[in-house]
Amino acid sequence: MIGTENIQSMKNEKFKIDFPAEIVEEGRVKVLVPKLKAFVKMPSEYAPSKAPVFYNPVMELNRDIAVLALQVYQKMFNHEISVCEPLAGCGVRGIRFAAEIKGVKKVLINDINEKAFQLAKYNVQMNKLSRRITVKNEDANLLLGCYGAPRKRFDAIDIDPFGSPVPYLDSAIRALRNGGLLALTATDMAPLCGVHPKACIRKYGGKPLRTEYCHELAVRLLAGCLATTAAKHDISTRIVFSHSTSHYIRIYAIIKYGAKKADESIKNMGYILHCFKCFHRETAKGLIVELSRNCGECGSRIEIAGPLWLGKIFDKQFCDFMEKEAEDMAFKQEERIQKILTLIRNEAGAPITYYVLDRLCDRLALPVPSVKKVFEALRKAGFEAYLTHFNSKGIRADASATSMKELLRKAMMPSHDKL
């Protein structure tokens with residue numbers, strides 16, 4: 001741990017800092033970051049937003065998975081890659097890309113905050129990566145706009161904002177080469193999960209719902225917004241990986257140039273229809289479709305989410321490669337990462353949306369059985385069943401809501417009643 005007075009006396013006289021800071025280790029790098037405890041006056045305050053330079057230690061898992069995903073991408077395309085992180089904060093993510101990913105030719109990190117720019121420069125120098133990392137102090141969209149021409153574009157861009165990534169989509173898409181990888185984080189979960197639906201419609205162009213699977217809807221709303229934004233530039237998107245963790249969602253998409261490809265991509269857009277009375281859900285593909293307003297199972301009014309992405313949100317091959325790569329990379333949260341990757345790989349080919357046992361049993365006034373018990377009962381009854389990383393009590397299944405409720409009643413029936 002290092003204090004302000006010690007930092008100011010460091011040999012690098014050009015670097016000055018006027019706030020409490022400390023050195024932390026993450027992955028294979030060491031970085032100087034704001035000492036977050038010094039900026040919190042009340043327990044309810046969100047420390048990263050109070051510090052003069054943004055740094056969130058909780059997002060280490062996010063950065064670990066980003067390192068894995070970019071390494072897999074680099075190996076799949078088998079060439080040296082260039083990476084841009086236009087919202088860098090202290091620079092830890094971009095520095096880790098340069099230090100930990102084999103085959104990274106150059107990394108450009110940027111932040112409009114002057115103090116963040118200076119801190120990121122110092123961290124690059126401290127990790128002896130100045131030859132491969134360029135640090136800039138510009139508006140993110142202005143920076144990305146300078147790399148929109150052919151032969152200037154990046155192989156991968158990572159957008160990790162405080163809030164929504166939508167303001168940066170246009171410029172990021174144009175700054176990616178054909179076949180490039182775009183990684184997006186969204187932390188504005190209240191709009192995406194239906195707490196503030198107007199904000200979601202305004203930002204993402206789709207209506208959310210406060211359902212038990214709202215985090216999957218959030219991923220699909222972000223993916224849908226990306227697909228429609230890219231299509232305006234005759235660019236298609238393919239989601240190769242996504243995850244929902246704690247307070248944010250994350251998607252990784254590979255883009256391809258071409259109007260026909262963009263048309264095919266848009267075919268993955270559509271709507272999810274949900275009945276809050278009986279838990280029935282169904283999908284309707286297409287942006288312009290006639291939607292039923294009544295539930296097909298109980299006849300109640302049905303609610304609609306979308307337009308959103310109905311295509312795959314995980315690519316099984318990409319997930320397989322990530323699992324194999326994770327075995328060779330040492331992370332602090334290795335066990336948690338492996339668990340997330342295994343669940344995602346297994347649910348890659350599963351039906352859209354999932355049932356949450358707590359919600360179903362609450363409606364049926366039944367005690368909640370173990371996930372394992374219901375999972376096995378579904379398989380025994382001939383249904384497809386998959387666990388999901390979105391919710392520890394969630395199960396993806398091709399069973400109807402009616403079938404799920406019947407199965408739960410039987411599962412909780414006393415053994416003598418089953419005879």
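The values are calculated or read from the model by the stated rules, or taken from the named source; none is laboratory data. What you see is a predicted model; the values in this text were computed from it and never measured. Positions of Cβ are generated from backbone atoms using ideal geometry, with glycine treated the same way; all protein chains shown enter the neighbour counts. Note: areas computed on protein heavy atoms with side chains; ligands, DNA, RNA excluded. Shrake-Rupley method; radii C 1.70, N 1.55, O 1.52, S 1.80 Å.
What are the residues in region 260-273 that are open to solvent by 50 Å² or more (accessible area, probe 1.4 Å) and either assigned to a helix (DSSP H, G or I) or in contact (Cβ under 8 Å) with a residue 24 or more places away in the chain (or both), if any?
Correct list: K260, K261, D263, E264.
Given the residues K316, K324, K277, which is the only one that is surrounded by fewer than 18 Cβ atoms within 10 Å (Cβ to Cβ), touching a Gly at 6+ places or on another chain (Cβ under 8 Å) and of a type outside the set (G, A, S)?
Result: K316 is the single residue among K316, K324, K277 that is surrounded by fewer than 18 Cβ atoms within 10 Å (Cβ to Cβ), touching a Gly at 6+ places or on another chain (Cβ under 8 Å) and of a type outside the set (G, A, S).
Among the candidates A397, A385, which residue alone is free of Cβ contacts under 8 Å to residues at least 60 places away in the same chain, within 17 Å of C278 (Cα to Cα) and surrounded by 18 or more Cβ atoms within 10 Å (Cβ to Cβ)?
A397
List every residue pair whose Cβ atoms sit under 7 Å apart, with the two residues 6 or more apart in sequence or on different chains, where the first one lies in region 233-256 and is without any contact (Cβ under 8 Å) to a residue 60 or more places away in the chain and the second, anywhere, is β-branched (V, I, T) and not in a strand (DSSP E or B).
Note: no pairs meet the criteria.
Residues are listed down the side, and each one gets a yes or a no for (1) open to solvent by 30 Å² or more (accessible area, probe 1.4 Å); (2) without any contact (Cβ under 8 Å) to a residue 60 or more places away in the chain; (3) under 20 Å from L192 (Cβ atoms); (4) more than 18 Å from the chain's Cα centre (by Cα):
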| site | (1), (2), (3), (4) |
| --- | --- |
| A305 | no, no, yes, yes |
| L310 | no, no, yes, no |
| Q338 | yes, yes, no, no |
| T342 | yes, yes, no, no |
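Is it the case, given these coordinates, that E406 is more than 25 Å from F314 (Cβ to Cβ) and either open to solvent by 70 Å² or more (accessible area, probe 1.4 Å) or in a helix (DSSP H, G or I) (or both)?
Considered against the rule, which asks whether it is more than 25 Å from F314 (Cβ to Cβ) and either open to solvent by 70 Å² or more (accessible area, probe 1.4 Å) or in a helix (DSSP H, G or I) (or both), E406 comes out as yes.
Inside region 73-84, can you point out the residues that are open to solvent by 10 Å² or more (accessible area, probe 1.4 Å) and not in a helix (DSSP H, G or I)?
N78, H79, E80
Can you go through L87, L70 and tell me which one is touching a residue at least 24 places away in the same chain (Cβ under 8 Å), assigned to a loop (DSSP other than H, G, I, E, B), closer than 20 Å to L143 by Cβ and within 18 Å of the chain's Cα centre (by Cα)?
Going through L87, L70 in turn, just one is touching a residue at least 24 places away in the same chain (Cβ under 8 Å), assigned to a loop (DSSP other than H, G, I, E, B), closer than 20 Å to L143 by Cβ and within 18 Å of the chain's Cα centre (by Cα): L87.
Looking at this structure, is T353 polar (S, T, N, Q), surrounded by fewer than 16 Cβ atoms within 10 Å (Cβ to Cβ) and touching a residue at least 60 places away in the same chain (Cβ under 8 Å)?
Criteria not met by T353.
Are any residues in region 358-382 over 26 Å from T342 (Cα atoms), in contact (Cβ under 8 Å) with a residue 12 or more places away in the chain and out of contact with any Cys (no Cβ under 8 Å at 6 or more places or on another chain), and if so, which ones?
Within region 358-382, C361, R363, L364, L366 meet the criteria.
Only one of these conditions is not met by V67: (1) closer than 22 Å to P167 by Cβ; (2) of a type in the set (A, V, I, L, M, F, W, C); (3) touching a Lys or Arg at 6+ places or on another chain (Cβ under 7 Å). Which number is it?
Just one mismatch for V67, condition (1).
Given region 95-197, what strands (runs of 3 or more DSSP E) lie entirely inside it while holding 3 or more residues that are in contact (Cβ under 8 Å) with a residue 60 or more places away in the chain?
Qualifying strands (runs of 3 or more DSSP E): 154-159, 176-186.
Would you point out the residue of region 41-87, among those that are of a type in the set (K, R) and at pLDDT below 95, that is farthest from I133 (Cα to Cα)?
K41
Within region 107-120, is there a residue that is of a type in the set (A, V, I, L, M, F, W, C) and either at pLDDT below 95 or closer than 23 Å to V240 by Cα (or both)?
Checking region 107-120: at least one residue is of a type in the set (A, V, I, L, M, F, W, C) and either at pLDDT below 95 or closer than 23 Å to V240 by Cα (or both).
Select from region 29-56 the residues that are touching a residue at least 40 places away in the same chain (Cβ under 8 Å), open to solvent by 50 Å² or more (accessible area, probe 1.4 Å) and within 23 Å of the chain's Cα centre (by Cα) and list them in ascending order.
S49, F54
Consider region 287-321. How many of its residues are under 19 Å from E216 (Cβ atoms) and of a type in the set (A, V, I, L, M, F, W, C)?
Going through region 287-321 one residue at a time, the tally reaches 10.
Tell me, yes or no, whether region 246-253 has at least one residue that is of a type in the set (S, T, N, Q), open to solvent by 10 Å² or more (accessible area, probe 1.4 Å), under 19 Å from F318 (Cα atoms) and not in a helix (DSSP H, G or I).
Within region 246-253, not a single residue is of a type in the set (S, T, N, Q), open to solvent by 10 Å² or more (accessible area, probe 1.4 Å), under 19 Å from F318 (Cα atoms) and not in a helix (DSSP H, G or I).
Look at region 330-382 and say how many of its residues are small (G, A, S) and closer than 21 Å to C275 by Cα.
2
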